[in-house]
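Encoded as structure tokens, here's the structure I'll be asking about.
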Amino acid sequence: MNSSSTSVPQVRQADFQFRCIACGHLSDSASQDFRCTDNDCRDLLEITYPAWKQKPEPEQLTSLWRNRRILMNDDDLSGVWRFRELLPGVDEAQIVTLREGNTPLYELPRCARTLGMPQLLAKHQGMNPTGSFKDTGMTVAATFARRAGFRWVACASTGNTSASMAAYAARGGMRSLVLVPEGKISWSKLSQALDYGALTCQLRTDFDGCLRLLQELVLRAPVYQLNSINPFRLEGQKTIALELLEQLEWTPPDHIIVPGGNLGNSSAIGKALVEMRDLGLISQLPKLSVIQAAGANALARTVRAGGKQLISVQPDTRATAIRIGNPASWKKAVGVLEATGGACEEVSEIEIAQAKAEIGAEGIGCEPASAVTLAGLKKLLQRKFVKPDETVVLVLTGHSLKDPDYTIDFHRGELFQGTQDENAAAALNPLRRPPIVLDATLDAVLSTLEQAEKS
Ligand code: F0G
């Protein structure tokens with residue numbers, strides 16, 4: 001489709017450079033592993049926009065973005081590319097898009113009431129085209145992969161990145177290679193990669209092993225890597241925060257709470273918040289807090305030990321999306337925690353299961369990794385880091401249908417069977433709604449209904 005950009009005010013598109021997060025080295029191009037090539041630095045890169053020194057007027061940007069919501073071009077229909085002034089610039093015709101973003105901001109009234117809060121909000125990234133927040137970053141990174149002429153793209157994944165990458169590669173006419181840990185990702189996510197035609201390899205290792213191998217592979221083969229080490233991914237994921245602030249009419253919430261796995265998403269959202277503050281789009285920074293599963297708590301440990309060196313762990317959690325022990329973007333995440341004054345918490349398997357059931361009971365639902373945000377909020381309230389009257393937004397990262405086995409195991413009472421949490425899990429029984437097998441008679445259904453009404 002042709003752009004109708006003549007009908008909207010012109011704001012210059014952003015030109016970008018790569019900057020090393022450790023030594024600050026600037027360059028116009030990046031190596032295939034997206035690591036700093038200056039001396040032996042090898043740290044991660046981020047994208048920076050020198051042109052922003054001539055700052056666009058915040059009101060001009062916000063009205064431009066608002067007006068685009070009624071336009072029908074590919075780059076305006078996307079909830080990511082609509083914010084293109086804060087993204088690396090491409091022509092509309094080059095964009096690989098599935099109309100990502102544009103996700104709802106819901107109230108969680110029952111959870112709020114239970115926690116004694118007047119209001120609690122959830123930004124549901126599970127409402128993206130492949131069911132997770134990964135699509136917001138993938139549209140940008142896949143666009144740059146295709147623009148650079150790559151035939152193959154690849155990622156290591158706990159499931160969602162691979163589902164998203166496979167879809168965007170297919171849309172962009174590229175082939176995709178998926179490396180996932182064997183037996184440790186949900187069937188729903190694996191099935192998406194297969195459905196979208198990826199070459200899918202289940203490796204006998206964990207996510208960290210898959211990512212290590214991928215980093216070596218991209219230096220040996222002409223394959224474009226689409227993990228969140230790729231800084232284009234994080235640029236796209238910034239729009240989660242931009243869209244959230246637009247939905248809040250540019251009044252920043254007091255807190256934003258995200259799950260932490262490989263730590264790309266927290267880094268992206270934190271980068272967006274700092275950029276919005278620097279551009280005058282918001283007057284103060286929300287505190288960005290990161291929540292991890294206690295069994296995969298590398299960042300929580302790292303922060304407790306002063307944040308200077310990564311303390312990696314042997315990960316173990318049923319929230320398989322965040323079953324990561326050696327998070328690649330830990331330094332970026334420590335940086336955004338410091339910049340925004342956020343906290344890092346860890347939550348138990350029981351706490352995750354409870355929070356997931358509570359979000360499900362709001363009629364929204366999410367995958368287990370997303371539910372750590374509500375479980376973490378409870379802890380942050382307990383330690384008075386969050387006050388009940390403050391505005392809090394939970395970022396729900398994945399759709400409930402991403403991991404139906406978890407939900408079914410929970411409601412059937414099988415999630416904790418044979419684990420050390422088996423006895424403690426009895427406390428969750430009031431939240432369970434197991435399916436009931438009945439004879440196909442009216443009496444059987446009526447008496448079940450009566451019993452349910454009494455309980
Ligand atoms: N929530 C969900 C549903 C995820 O899939 C992930 C990461 C996270 C949270 C954590 O985000 O890694 O940016 O800190 N999933 C990756 C994957 C690792 O391969 O799908 P992060």
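Give the Kirkwood hydrodynamic radius (Å, one decimal) of the chain, defined as one over the mean of 1/r across all pairs of different Cα atoms.
For the chain, the Kirkwood estimate is 22.5 Å.
How much length, in nm to one decimal, is gained on full extension between Arg147 and Leu401, taken as 0.36 nm per residue of separation minus their Cα-Cα distance? If you can, show how the numbers build up before the last one.
Working: separation 254, 0.36 × 254 = 91.44 nm, distance 3.27 nm.
Taking Arg147 through Leu401 to full extension adds about 88.2 nm, to one decimal.
Starting from the Cα gyration tensor of region 273-384, take the square roots of the eigenvalues, sort them a ≥ b ≥ c, and report rounded, prolate or oblate (rounded when a/c is under 1.5, otherwise prolate if a/b is larger than b/c, else oblate).
oblate
Setting aside same-chain residues fewer than 8 positions from Lys53, which lysines have a Cα under 29 Å from its Cα?
Of all the lysines, those that pass the test against Lys53 - Cα under 29 Å, at least 8 places apart if same chain - are Lys238, Lys271, Lys287, Lys331, Lys332.
Once you have the Kirkwood Rh of region 107-240 from its Cα pairs, apply Stokes-Einstein at 37 °C and 0.692 mPa s and quote D in µm²/s.
Once the numbers are plugged in, D ends up at 212 µm²/s.
Then there's this: When only alpha-carbon atoms count, how far does region 292-448 stretch along each of its three principal axes, as whole angstroms with the largest first?
65, 37, 27
In whole Hz and in residue order, list the ³J(HN,Hα) couplings for region 294-308 that follow from phi through the Karplus curve 6.51 cos²θ - 1.76 cosθ + 1.60, θ = phi - 60°; x for Gly and Pro.
Values, residue by residue: 4, x, 9, 10, 4, 5, 4, 5, 4, 5, 4, 8, x, x, 8 Hz.
Taking the Cα centre of the chain as the origin and placing charges on Cβ (Lys, Arg +1; Asp, Glu -1), which of Gly295, Gly335, Ile282 is farthest toward the positive end of the dipole?
Result: Gly335, furthest along the dipole toward the positive end.
Taking a virtual spin label 7 Å from the Cα of Asn67 along the C-beta vector, which residues in region 278-316 bring their backbone nitrogen under 20 Å of it?
Backbone N within reach: 281.
Among Leu374, His124, Trp250, which residue has its Cα positioned farthest towards the positive end of the charge dipole of the chain, with +1 placed on the Cβ of Lys and Arg, -1 on the Cβ of Asp and Glu, and the dipole taken about the Cα centre?
Trp250
Would you mind getting me the FRET efficiency between Leu219 and Ile436? Use the beta-carbon distance for r and R0 = 56 Å, nearest 0.05.
Calculated transfer efficiency: 0.50.
Same structure, new question: Could you grab the relative contact order for the chain? Cα pairs under 8 Å, six or more apart, rounded to a whole percent. Spell out each step's value before the answer.
Details: 910 pairs, mean separation 64.7, N = 455.
Relative contact order here is 14 percent.
Report the label-to-label distance for Ala426 and Ser312 in nanometres (one decimal), using points 7 Å from each Cα along the Cα→Cβ vector.
Output for this residue pair reads 4.1 nm.
On to the next question. What percent do you get for the relative contact order of region 63-132 when only Cα pairs under 8 Å and 6+ apart count?
The value is 24 percent.
Subtracting the Cα-Cα distance from 0.36 nm times the residue separation, let me have the gained length for Lys55 to Gln247 in nm, one decimal. Provide the component values of the computation, followed by the final result.
Details: separation 192, 0.36 × 192 = 69.12 nm, distance 2.27 nm.
So the extension gain works out to 66.9 nm.
With only Lys, Arg, Asp and Glu charged, each at its Cβ (+1 for the first two, -1 for the last two), find how big the charge dipole of region 172-212 is about the Cα centre; round to the nearest 20 debye.
I would put it at about 60 debye.
Which value, in debye to the nearest 20, gives the size of the charge dipole of region 199-327 about its Cα centre, when Lys and Arg are +1 and Asp and Glu are -1 at the Cβ?
Working: 13 positive and 11 negative charges, 111 e Å.
Here region 199-327 has a charge dipole of around 540 debye.
Return the distance in nm (one decimal) between the two label points of a simple spin-label model at Ala444 and Asn102, each offset 7 Å from Cα along Cα→Cβ.
Taking the simple label geometry, Ala444 and Asn102 are separated by 4.5 nm.
If we count every other residue with Cβ under 14 angstrom of Ala170's Cβ, Lys/Arg +1 and Asp/Glu -1, where does the sum land?
+2
Still on this model: Using modelled amide H (1.01 Å from N, peptide plane; none on Pro or chain starts), what sits under 5 Å from the amide H of Ser176, excluding residues fewer than 5 places away?
Amide H neighbours of Ser176, under 5 Å, 5+ apart: Val153, Leu199.
Placing +1 on the Cβ of each Lys and Arg and -1 on the Cβ of each Asp and Glu in the chain, which of Ala112, Asn230, Gly173 has its Cα farthest towards the positive end of the resulting dipole?
Asn230
Something else now. Ordered by packing density, taken as the mean number of other Cβ atoms within 10 Å over each peptide's residues, highest first, how do 151-164, 341-354 rank?
Going from most to least packed, we get 151-164, 341-354.
I would also like to ask the following. So for each of 373-381, 202-210, 413-421 I average, over its residues, the number of other beta carbons within 10 Å; can you give me the resulting order with the highest mean first? Mind dumping the intermediate values first?
Details: 373-381: 23.3, 202-210: 18.9, 413-421: 14.2.
Ranked by mean Cβ neighbours within 10 Å, highest first: 373-381, 202-210, 413-421.
Under unit Cβ charges (Lys, Arg +1; Asp, Glu -1), what dipole magnitude, rounded to 20 debye, does the chain have relative to its Cα centre?
780 debye
Could you tally the net charge around Cys366, taking each other residue with its Cβ under 9 Å from the Cβ of Cys366, Lys/Arg +1 and Asp/Glu -1?
Once positives and negatives cancel, what remains is +1.
Let me ask something additional. With a Förster radius of 45 Å, plug the Cβ-Cβ distance of Asp409 and Asp28 into 1/(1 + (r/R0)^6) and report the FRET value to the nearest 0.05.
Calculated transfer efficiency: 0.35.
Based on the Cβ-Cβ distance of Asp278 and Arg42, what FRET efficiency does E = 1/(1 + (r/R0)^6) give at R0 = 35 Å, to the nearest 0.05?
For Asp278 and Arg42, the calculated efficiency is 0.80.
The numbers here are math on the coordinates, done by the rules we state, and not lab data. Predicted, not measured: the structure shown is a model, and the values here were computed from it. Cβ: placed from backbone, ideal geometry, glycine included. Neighbour counts: every protein chain shown.
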